[in-house]
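These notes concern the structure reproduced below.
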């Protein structure tokens with residue numbers, strides 16, 4: 001497991017190469033990269049500001065990844081989440097997992113993202129043409145995460 005919370009951008013290819021090196025013999029790698037949206041339902045977004053408490057955030061991210069490792073047979077899992085001010089369309093998060101089989105890799109990657117959206121302690125403020133609004137947790141994110149509660 002490798003978890004990073006950082007301001008600087010990341011190189012997806014380099015990060016996947018590190019994951020593969022940590023998981024020799026894996027048969028599947030699934031990677032997800034989230035971007036700062038440039039639109040919400042009502043307006044154009046110019047930037048997103050992310051704040052966090054480092055120790056609390058890193059502990060929660062580790063717990064989320066550890067839970068994925070307990071549910072599925074993973075050879076490796078890497079997570080990067082950026083903080084600070086990010087312009088629209090910049091990379092914000094990367095989840096990459098390796099496993100022997102694709103089902104475990106897809107499920108674990110999706111689980112980690114669903115729990116990041118609902119459990120990770122990040123505070124997000126969207127900027128839009130001089131206006132700034134704190135982002136509230138979305139019902140669709142809670143719904144997506146709730147499906148894992150039964151498993």
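Since every read-out is calculated from the coordinates, none of them should be taken as a lab result. None of these values were measured; they are calculated from a predicted model. Cβ sites come from the backbone with ideal geometry, for glycine too, and all protein chains shown count toward neighbours.
Applying 1/(1 + (r/R0)^6) with R0 = 35 Å to the Cβ-Cβ distance of residue 46 and residue 11 gives a FRET efficiency near 0.90. Full extension of the chain between residue 149 and residue 125 yields a length gain of 5.8 nm, computed as 0.36 nm times the residue separation minus the alpha carbon distance.
For volume of the Cα convex hull per residue in Å³, computed directly from the structure shown, the correct entry in [x] 238; [y] 123; [z] 104 is [z]. Relative contact order of the chain: 32 percent, from C-alpha pairs under 8 Å at least 6 residues apart in sequence.
Restricting attention to the chain, close to 85% of DSSP beta bridges with both partner residues there are antiparallel.
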